[in-house]
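The values are calculated or read from the model by the stated rules, or taken from the named source; none is laboratory data. Being a predicted model, the structure only gives us computed values, none of them experimental. All Cβ positions, glycine included, derive from the backbone under ideal geometry; neighbour counts span all protein chains shown. With ligands, DNA and RNA removed, areas are computed over all heavy atoms of the protein, side chains included. Shrake-Rupley method; radii C 1.70, N 1.55, O 1.52, S 1.80 Å.
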Amino acid sequence: MAARRLSFLLSRSLSAASSSSSSSSSSGSAASLLRSRGRSVSRFSSTAVATEELIIPPVQISHTQHLINGKFVDAASGKKFPTYDPRTGEVIAHVAEGDAEDINRAVAAARKAFDEGPWPKMGAYERSRILLRVADLVEKNSEELAALETWNNGKPYEQALTAEVPMLARLFHYYAGWADKIHGLTVPADGPYHVQTLHEPIGVAGQIIPWNFPLLMFAWKVGPALACGNTIVLKSAEQTPLTALYVAKLFQEAGLPPGVLNVVSGDGPTAGAALASHMDVDKVAFTGSTDTGKIILELAARSNLKPVTLELGGKSPFIICEDADIDHAVELAHFALFFNQGQCCCAGSRTFVHERVYDEFIEKAKARAVKRVVGDPFKKGVEQGPQIDNEQFEKVLRYIRAGIDSDATLECGGGRLGSKGYFIQPTVFSNVKDDMLIAKDEIFGPVQSILKFKELDEVVRRANATRYGLAAGVFTKNIDTANYLTRALRAGTVWVNCFDVFDAAIPFGGYKMSGIGREKGIYSLHNYLQVKAVVTPLKNPAWL
C-alpha cells in the first residue's frame, strides 16, 4: 500500500466519495429558505448530523513530551498546553510547551550531532537503510497513525488511512533511495586544473510545519534533510503536535542516532520565532500562511542570514472550459475545493466557469455540495469532518458573511452544522466577482466561489490577478487550450483534467507570494545542500 501513489489513492477516494454521496442522498438534506439582500436562496443542511454519537478513537496517546537529543523530555519551564479534539472542542491531551530555552537545547543537540556525531559521517547507504526502516515502521503502525491524525486534526479517517499514511511511507522510501545518489560533478576548466564540485549537507535545519497535513508535511521536510546528511530541529504546529511525536519515536526505533532529529512542540511566536532567528541554525524551512512566512524570512535575515524555503498560501484558479464534461468537471471542482475540509493551500478556491455552461454547472455544483456527507470523521463514508479549531471556524464563517454582504448568491450551506465542535456546512456561492473578499482571500474552509468567464485571455488575466501563485487547474478536452493555459498561468503546479495529484517525485511550490523553493522530488534536495568547488593544479596532465 505504501508504494501506491497518492494520486491513485485520492482518485479512488474521489470515486468512493461520489458513490457514497449518491447513495446517501435520500438520507435527508433539510431545505430551508434564506432571505439575503432581497433575494430568496436555497440553503441546505448536510446529509449527516455532526451531533450524532461520536466514535471513541482507537488509539492511545503515549508521547506528549519534546524529543531532544534522543530522549523524550518535559519543557524547560515545565509548562504544558492543551491539544483538542475538533469534533467536540474538548481537550484530549496536554503537551509540553516549548519556548526559546527548549529550542536552544534542541539546536545544541542537533549541532553536536552534526559536528561530532555519526550521522553526517555515516555512509549514505546506512542512512538510506534507516529511512527504509522508518518507512516499514510507518506501514506497521498505519492504523494508529491514521487514528491519531484524525483525532487531533479532524480529517476523515479513511483519507488518513488510505491516502496520507501510505504516502508518508512512500516519501520515506523515496528519500531513502536518494541518500546514496547525491554527488557532485567534475568540471572542465581552462588551464591545467582538476575541478570538482562537492554537494555537502548544509548543517542544522530548522523546520516548521503546519496543522492541515501534519504527517505529510513532516515527511516533506524531514525526508530530504536526512537523506542529505543534515540534523534537524522540527517545530510542529501547536494545533496538531501528536503525530510528529509519534513518528519521532519510530525514528528512534529505526536506529536514528540521538540528536539527529529533535521535535519541539510550542507556539509560533515563541518556539517558532526562536528557531527561525537562532544563530546556530543553518537553514529554515516553513510551511504556513504568507503573512507568517514574511516574519520567518525577516527573522532569518536579521539573525545569521540563513537560507529559507517557504511553502505558503494560495488562491488557486480552477478553470472549466466550454467543452468540458460538466458532470466530471463538477465532481473534480468539488474535490479540488472541499478536500480536507477546504483546509488545503492549493485548494481550487476560485472556480472559473465558461458562460455557456455556467448555469448548468451551478445547479450541479450545488446539488453535489448538498449531498456531501459531513460528520464524525471516524465514521465510514464521511467526506468532511470539522475545521481545525474555533479560530479557523469563526474565520470561515466571517468570510461566508462577507460573501453574503457583497451580494454573491448563496446557493447552499452558509452556516454551522450542529451545536458542538467546528463543523461547517459545505457552502457554494455563485455570481462571485473578482473584487469580493471571497474571491481574493485565502479562506481555508469549505466555501466554493464560482465565477463566470467568456474568453481565454480574459480568464488568464483574471486568474493571474492575485498575489498568490501556488497552483491552478484546467479542465478541457482541447489540447491546444490546455497548452495555452498551462503556459500562461503563473502558478507552480498546473493540473490538467485532474487536481491534487501528488507524488513523492513531483515538485511542489509557488510563484509570487506563495513561496520560495520547491518541496518533494529532486528539487527538494537542493534546499539542504551546499555546493563547494574544489580546484587542484595538475602537473603535466596527459589530457585536459
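Given the condition at pLDDT 95 or above, assigned to a helix (DSSP H, G or I) and touching a Gly at 6+ places or on another chain (Cβ under 9 Å), answer yes or no: does some residue in region 162-170 qualify? Before you say what the answer is, go through the steps one by one.
Our first condition is that a residue be at pLDDT 95 or above; within region 162-170, this holds for 162-170.
If we keep only those that are assigned to a helix (DSSP H, G or I) too, we end up with 162-170.
With touching a Gly at 6+ places or on another chain (Cβ under 9 Å) added as a condition, the list becomes none.
No: zero hits.
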*For residue 275, work out the one condition from (1) touching a residue at least 24 places away in the same chain (Cβ under 8 Å); (2) open to solvent by 10 Å² or more (accessible area, probe 1.4 Å); (3) over 20 Å from the mean Cα position of the chain (by Cα) it doesn't fulfil.*
(2)
_Those residues of region 254-265 which are of a type outside the set (A, V, I, L, M, F, W, C) and closer than 16 Å to residue 218 by Cβ, in sequence order_ = 262, 265
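Would it be correct to say that residue 267 is touching a strand residue (DSSP E or B) at 6+ places or on another chain (Cβ under 7 Å) and open to solvent by 10 Å² or more (accessible area, probe 1.4 Å)?
Values: touching a strand residue (DSSP E or B) at 6+ places or on another chain (Cβ under 7 Å): no; open to solvent by 10 Å² or more (accessible area, probe 1.4 Å): yes.
No; evaluated as a whole, the condition is false for this residue.
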*Restricting attention to region 354-367, does a residue exist that is in contact with a Lys or Arg (Cβ under 6 Å, 6 or more places away or on another chain) and either modelled with pLDDT under 95 or not polar (S, T, N, Q) (or both)?*
yes
*Give me a count of the residues in region 467-515 that are within 21 Å of residue 291 (Cα to Cα), open to solvent by 50 Å² or more (accessible area, probe 1.4 Å) and free of Cβ contacts under 8 Å to residues at least 40 places away in the same chain.*
1
*Of the numbered conditions (1) closer than 23 Å to residue 433 by Cβ; (2) open to solvent by less than 10 Å² (accessible area, probe 1.4 Å); (3) not in a loop (DSSP other than H, G, I, E, B), residue 359 satisfies every one except a single condition; which is it?*
(2)
_Number of the exception - residue 303 against (1) more than 25 Å from residue 341 (Cβ to Cβ); (2) open to solvent by 10 Å² or more (accessible area, probe 1.4 Å); (3) in contact with a Gly (Cβ under 9 Å, 6 or more places away or on another chain)_ = (3)
*(1) surrounded by fewer than 20 Cβ atoms within 10 Å (Cβ to Cβ); (2) over 19 Å from residue 377 (Cβ atoms): which one isn't true of residue 432, the others all being true?*
(1)
_Members of region 136-194 found to be of a type in the set (S, T, N, Q) and in contact with a strand residue (DSSP E or B) (Cβ under 9 Å, 6 or more places away or on another chain), listed by number_ = 152, 186
*Any hit, region 76-90, residues being more than 26 Å from the chain's Cα centre (by Cα), open to solvent by 50 Å² or more (accessible area, probe 1.4 Å), outside the structural domain of residue 392 (by the TED database) and at pLDDT below 95*: no
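In this structure, does residue 486 turn out to be within 25 Å of the chain's Cα centre (by Cα) and assigned to a helix (DSSP H, G or I)?
Values: within 25 Å of the chain's Cα centre (by Cα): yes; assigned to a helix (DSSP H, G or I): yes.
Against the criterion (within 25 Å of the chain's Cα centre (by Cα) and assigned to a helix (DSSP H, G or I)), residue 486 qualifies.
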*Scan of region 223-244 for residues that are assigned to a helix (DSSP H, G or I), within 18 Å of the chain's Cα centre (by Cα) and either farther than 21 Å from residue 344 by Cβ or basic (Lys, Arg) (or both), ordered by number*: 224, 225
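For the structure I just gave you, tell me whether residue 323 is in the same structural domain as residue 484 (by the TED database), in contact (Cβ under 8 Å) with a residue 40 or more places away in the chain and in contact with a Lys or Arg (Cβ under 7 Å, 6 or more places away or on another chain).
Details: in the same structural domain as residue 484 (by the TED database): yes; in contact (Cβ under 8 Å) with a residue 40 or more places away in the chain: yes; in contact with a Lys or Arg (Cβ under 7 Å, 6 or more places away or on another chain): yes.
The answer is yes for residue 323.
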